[in-house]
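FYI, it's all coordinate maths here, none of it is from the lab. All of these numbers come straight from a predicted model, not from anything done at the bench. Cβ: placed from backbone, ideal geometry, glycine included. Neighbour counts: every protein chain shown.
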Amino acid sequence: MFGQRLLTIPDPVDALPGRSEAMPVPAAHHVNGRPLVGPYPDGVDTVVVGMGCFWGAERMFWETPGVWTTAVGYAGGHTPNATYEEVCTGLTGHNEVVLVAWDSGVISLTDIFRVFWEGHDPTQVMRQGNDVGTQYRSGIYLVDGAQRAVAEATRDAFASALDRAGHGEIATEIVDGSDFFYAEEYHQQYLAKNPMGYCGLGGTGVSCPVGTST
């Protein structure tokens, strides 16, 4: 019963109700001092991705040149403004995700997705390594329709590279218009505040043949 709950996204009627109050977040990014919450400057675009535990995933992006700011949160589920404890029950349907805001004059969306694909194993279903559950699934949560073509093109390119390397099929969900809810303050830039903290992310070792890697 417990395992089934962890591996199955609940129907909306069965999800926890949540709340109307948004989670308070720091005014500034712990690493670069920029705002976590928009509006962002002109030329800064956003996308939301899930690739396992959001602590390590966020670090991967704030260390990427051209990324303007990052924040962790929850998306892909039903419960508004869920808490971490609620997400961990599997009864919100949410995924642990990273909001990535990048300077489009410095780095492209294609390269953002290259970091995403190479940074985790998108062939795993409802898990990343030892982290098992719906909150650890691979996902891309699009901010607008124009991002879908790039997401699907990079997915298909990486799928071919994975196949040549003997890996299975990509299980990543690509979703239009999913709400993003900020996670609690202590989760934001967690590994900058706790350098010895847990990070269970690991890629496949396969390069994604798009962007600067070509």
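Using a Förster distance of 35 angstrom, determine the FRET efficiency expected from the C-beta separation of Asn81 and Leu7, and round it to 0.05.
Computed FRET efficiency for Asn81 and Leu7 comes out at 0.90.
Mind ordering 150-156, 187-193, 165-171, 92-98 by average Cβ neighbours within 10 Å, highest first?
Top of the packing list down: 92-98, 187-193, 150-156, 165-171.
Want the number for Asp42 to Ala171: 0.36 nm per residue separation, take away the alpha-carbon distance, what's left?
Extending this stretch completely gives an extra 43.1 nm.
Please report the net charge: other residues with Cβ closer than 14 Å to the Cβ of Trp102, K and R +1, D and E -1.
Computed value for this residue: -4.
To the nearest Å, what is the center-to-center distance of the stretch 115-148 and the stretch 75-108, using C-alpha atoms only?
Taking the Cα centre of each part, the stretch 115-148 and the stretch 75-108 sit 11 Å apart.
Which one, Thr8, Pro26, Val37, is farthest towards the positive end of the dipole of the stretch 8-66 when Lys and Arg carry +1 and Asp and Glu -1 on their Cβ?
Pro26
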